[in-house]
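Encoded as structure tokens, the structure appears first; notes follow it.
The values are calculated or read from the model by the stated rules, or taken from the named source; none is laboratory data. The structure displayed is predicted, hence computed values, not measured ones. Neighbour counts are summed over all protein chains in view; Cβ atoms, including those assigned to glycine, are modelled from backbone coordinates with ideal geometry.
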Amino acid sequence: MVDETELSPRERQIAERYAAGCSYQDIASDLHIAPSTVRTHLATIYRKLEVSSKVELAGRLDGVAASPRSDVDHAAIISELALSLEEALSREKALSEVLRIIGASHGDLSLVMPAILRYALDLCDAEFGILFEYREHKRFRASFTLGIPTAFQDWLDENGTFSVSDQTGLGRMVSQRAVVNIMDVKSEALYRTDDPLRFATADLGGARSFVAIPMVAADRLVGAFSIYRQSVRPFSEDALRSAQIFAAQSVIALENARLIGKSGQR
């Protein structure tokens, strides 16, 4: 087994779960920490144990000796690259699985959307996500949610289809037809007003960093794919690319459901 002095108790917990196949989100939920904290620990673990893959990590945990390294900085670079590669492979695997679910769902959005949100939250290190359907004139309805705090979910349920102001993330997304990436929802002037959506997002949902991605079909806005972090951690370009991929898959699923619905009415 690994020397007791090499890993802290928390690092050992994370290493064992990751080597066993758990995702960042699974580990974060199990240990009550943020997914980004899991990744930070894993980078340290890879560096300490001088491993460059999940397979090597599992081996080290089983007592296999580390390969000799000549330079600590070199090992750090290798560990970071290894984690980045594994994350890229996870994105590819998630996308393949989402496409498989869409193909097998026969238009059943209740099977597809939770899976898409689950993969998006995992790969983007986010705590909760919402798929909003757009109802024209800057009105939205939260059709699917995952991981959302109960108070925020209750607010969405009570309000049903609601209008958003131009200053909100969703309102700006409608006007700009572009991704809106907010570093801290509490730092904007809108938070110091009585805007109901911003209050619900920040105070009921505990959200801090937020991104809204327009879902567009044939130049028509059909919804917003939004993910939230409960700490101030702006979404990186890599995270945004991942989220945009899942937003695009959500559009495909919605359009498939619409077409299947029309076909069934004939």
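Summary table
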item	result
The range 1-31, residues that are under 16 Å from GLY63 (Cα atoms), at pLDDT below 85 and surrounded by fewer than 18 Cβ atoms within 10 Å (Cβ to Cβ)	MET1, ASP3, GLU4, THR5, GLU6
Pair list, Cβ under 6 Å, 6 or more apart: the range 179-204 residue closer than 16 Å to VAL164 by Cα and in contact (Cβ under 8 Å) with a residue 24 or more places away in the chain, other residue surrounded by 15 or more Cβ atoms within 10 Å (Cβ to Cβ) and among the charged types (D, E, K, R)	VAL180/ARG172; LEU190/ARG198
Breaking point among (1) farther than 30 Å from ILE33 by Cβ; (2) at pLDDT below 90, for PRO196	(2)
Some residue of the range 139-154 being under 16 Å from MET215 (Cβ atoms), of a type in the set (D, E, K, R), at pLDDT 90 or above and touching a strand residue (DSSP E or B) at 6+ places or on another chain (Cβ under 8 Å)	yes
Candidate set from the range 205-220 (those that are at pLDDT 95 or above and closer than 18 Å to PHE162 by Cβ); member that is surrounded by the fewest Cβ atoms within 10 Å (Cβ to Cβ)	GLY205
Top-ranked residue in the range 32-90 [being basic (Lys, Arg) and at pLDDT 55 or above; ranked as surrounded by the most Cβ atoms within 10 Å (Cβ to Cβ)]	ARG60
Among residues of the range 117-153, those that are touching a residue at least 40 places away in the same chain (Cβ under 8 Å) and charged (D, E, K, R), counted	5
Extreme residue, farthest from THR168 (Cα to Cα), among residues of the range 221-251 that are surrounded by fewer than 18 Cβ atoms within 10 Å (Cβ to Cβ) and out of contact with any strand residue (DSSP E or B) (no Cβ under 9 Å at 6 or more places or on another chain)	ASP238
